[in-house]
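Taking it in order: structure first as structure tokens, then the write-up.
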Amino acid sequence: MFEGLQEKLSKAFKTLSGKGKITEKNIKEAIKMVKLSLLEADVNYKVVKEFIAEVTEKATGEEVLKSLTPDQMFIKILRDELIRVMGEKSQLSLVHSPSYIMMVGLQGSGKTTSAAKLANLLKKKGKKTFLVAADTYRPAAIDQLITLGKKIDVPVFYGDRKDPVKIVREAIKEVKDSGYNVVIFDTAGRLHVDDEMMNELEEIKDILNPDEILMVVDAMAGQDAVNSAKIFNERLDVTGYVVTKMDGDARGGVILSIRYITNKPIKFIGVGEKIEDLEEFHPERIASRILG
Ligand code: GDP
């Protein structure tokens with residue numbers, strides 16, 4: 001496993017010559033280990049290849065800082081590059097009043113839960129927040145959001161419970177001139193990406209012209225999560241991702257892959273089933289997790 005990569009790298013460098021400099025030769029063994037570890041962390045194969053090529057280029061010929069050994073230097077370059085690729089900590093861009101946030105994603109990803117978690121987080125920051133239950137596809141989703149809304153004391157609009165586009169239109173009327181700062185729309189997912197869902201989401205996007213379109217993806221879904229993140233972005237031009245279930249075994253490779261492939265920011269991380277279990281994304285923390 002990735003645990004102990006640091007020790008492994010240290011050994012690899014010790015058996016090699018050319019102590020003061022990181023050379024093509026002494027880096028080879030280390031690169032092999034890093035490659036394996038990234039794959040184990042569920043980073044997409046293509047991303048691993050490109051990422052490793054970048055790190056190798058950056059590291060080769062690099063003078064080792066006086067305070068560091070070559071392996072520490074290599075880890076530092078690797079870590080800095082991971083953080084750079086995963087991007088800055090990214091804030092929500094909420095410029096309208098009210099601002100609209102559209103939550104999208106496949107069924108089971110944690111979309112409804114994340115909508116409520118985000119409402120809770122924004123409410124705690126002093127925003128007057130409103131939730132709209134437009135996931136008419138998954139039978140329990142609307143009642144689930146109503147229950148969560150009660151828990152955090154945020155109103156939930158659900159209209160006729162049947163027609164998502166109608167619910168969205170009515171919700172807009174409901175919040176007009178109401179003083180709400182943020183309205184979060186939970187939309188319907190499907191088990192797999194399909195045209196019916198995408199058409200519905202595009203229609204809702206056109207109506208809302210949302211400040212944020214956040215796609216929720218399950219970190220445990222591995223490459224499937226990366227593939228659907230790519231397709232949703234191509235169709236909807238999402239503004240960011242919420243990666244859930246990071247409290248499980250997932251090492252975070254999905255995060256690196258999504259960021260690398262879509263070039264869109266990861267905005268939040270889901271770290272449990274409770275309403276408070278949503279964190280802003282910190283690339284340094286995920287880099288540490290990927291590096292073990
Ligand atoms: P939706 O179909 O995408 O709306 O999915 P739900 O919001 O109903 O979530 C599906 C399941 O994942 C539920 O049992 C949630 O409690 C759980 N879940 C959501 N986010 C997280 C998370 O960050 N960590 C864990 N462990 N479970 C989560």
Residue pairs qualifying under the 7 Å Cβ cut-off, at least six apart or on distinct chains, with the first in the stretch 264-284 being under 21 Å from Asp249 (Cβ atoms) and among the charged types (D, E, K, R) and the second being modelled with pLDDT of 95 or more and in a strand (DSSP E or B), are Asp277/Gly270; Glu279/Phe268; Glu279/Ile269
Among the numbered criteria (1) crowded, with 19+ Cβ neighbours inside 10 Å; (2) at pLDDT below 95; (3) assigned to a loop (DSSP other than H, G, I, E, B), which single criterion is violated by Asp177?
(1)
Please go through the stretch 242-251 and give me each residue that is within 13 Å of the ligand (Cβ to nearest atom) and either of a type in the set (Lys, Arg) or buried (at least 16 other Cβ atoms within 10 Å of the Cβ) (or both), ordered by number.
Val242, Val243, Thr244, Lys245, Met246, Ala250
Residue check, Ile275 surrounded by fewer than 22 Cβ atoms within 10 Å (Cβ to Cβ), over 12 Å from the mean Cα position of the chain (by Cα) and of a type in the set (A, V, I, L, M)
yes
Have a look at Leu36, Leu118, Leu106 and point out the one that is open to solvent by 20 Å² or more (accessible area, probe 1.4 Å) and within 16 Å of the ligand (Cβ to nearest atom).
Leu106
List the residue pairs whose Cβ atoms are under 7 Å apart, where the first residue sits in the stretch 210-228 and is buried (at least 18 other Cβ atoms within 10 Å of the Cβ), the second is aromatic (Phe, Trp, Tyr), and the two are 6 or more positions apart or on different chains.
Pro210/Tyr100; Asp211/Tyr100; Leu214/Tyr241; Met215/Phe232; Met215/Tyr241; Val217/Tyr241
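Rundown of residues vs (1) within 16 Å of the ligand (Cβ to nearest atom); (2) at pLDDT below 90; (3) of a type in the set (Gly, Ala, Ser), yes/no style:
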{"site": "Leu68", "(1), (2), (3)": "no, yes, no"}
{"site": "Gln72", "(1), (2), (3)": "no, yes, no"}
{"site": "Lys89", "(1), (2), (3)": "no, yes, no"}
{"site": "Leu92", "(1), (2), (3)": "no, no, no"}
{"site": "Lys111", "(1), (2), (3)": "yes, no, no"}
{"site": "Lys124", "(1), (2), (3)": "no, no, no"}
Pick out the one residue from Tyr100, Tyr137 that is aromatic (Phe, Trp, Tyr) and either out of contact with any Asp or Glu (no Cβ under 7 Å at 6 or more places or on another chain) or not in a strand (DSSP E or B) (or both).
Tyr137
Go through the stretch 135-166 and count every residue that is closer than 17 Å to Met102 by Cα, within 11 Å of the ligand (Cβ to nearest atom) and either loosely packed, with under 13 Cβ neighbours inside 10 Å or among the aliphatic types (A, V, I, L, M) (or both).
3
Which residues, counting only those in the stretch 69-94, are in a loop (DSSP other than H, G, I, E, B) and open to solvent by 50 Å² or more (accessible area, probe 1.4 Å)?
Thr69, Glu88, Lys89, Gln91, Ser93
Residue count, the stretch 103-113 (criterion: touching a Gly at 6+ places or on another chain (Cβ under 6 Å) and in a helix (DSSP H, G or I)):
1
Can you name every residue in the stretch 186-203 that is closer than 20 Å to Lys128 by Cα and either aromatic (Phe, Trp, Tyr) or more than 15 Å from the ligand (Cβ to nearest atom) (or both)?
none
Out of (1) part of a helix (DSSP H, G or I); (2) more than 16 Å from the ligand (Cβ to nearest atom); (3) buried (at least 21 other Cβ atoms within 10 Å of the Cβ), what's the single condition that is false for Val183?
(1)
Only residues in the stretch 164-185 that are more than 19 Å from Leu94 (Cα to Cα) count as the first member; pair them with residues that are open to solvent by less than 10 Å² (accessible area, probe 1.4 Å), Cβ under 7 angstrom, at least 6 apart or cross-chain, and list the lot.
Pro164/Ala134; Pro164/Thr187; Pro164/Ala188; Pro164/Ile204; Val165/Ile204; Ile167/Val132; Ile167/Ala134
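The values are calculated or read from the model by the stated rules, or taken from the named source; none is laboratory data. In this text the structure is predicted, and so the values were computed from the model without any measurement. Neighbour counts are summed over all protein chains in view; Cβ atoms, including those assigned to glycine, are modelled from backbone coordinates with ideal geometry. Ligands, DNA and RNA are excluded from the accessible area calculation, which covers all protein heavy atoms including side chains. Shrake-Rupley method; radii C 1.70, N 1.55, O 1.52, S 1.80 Å.
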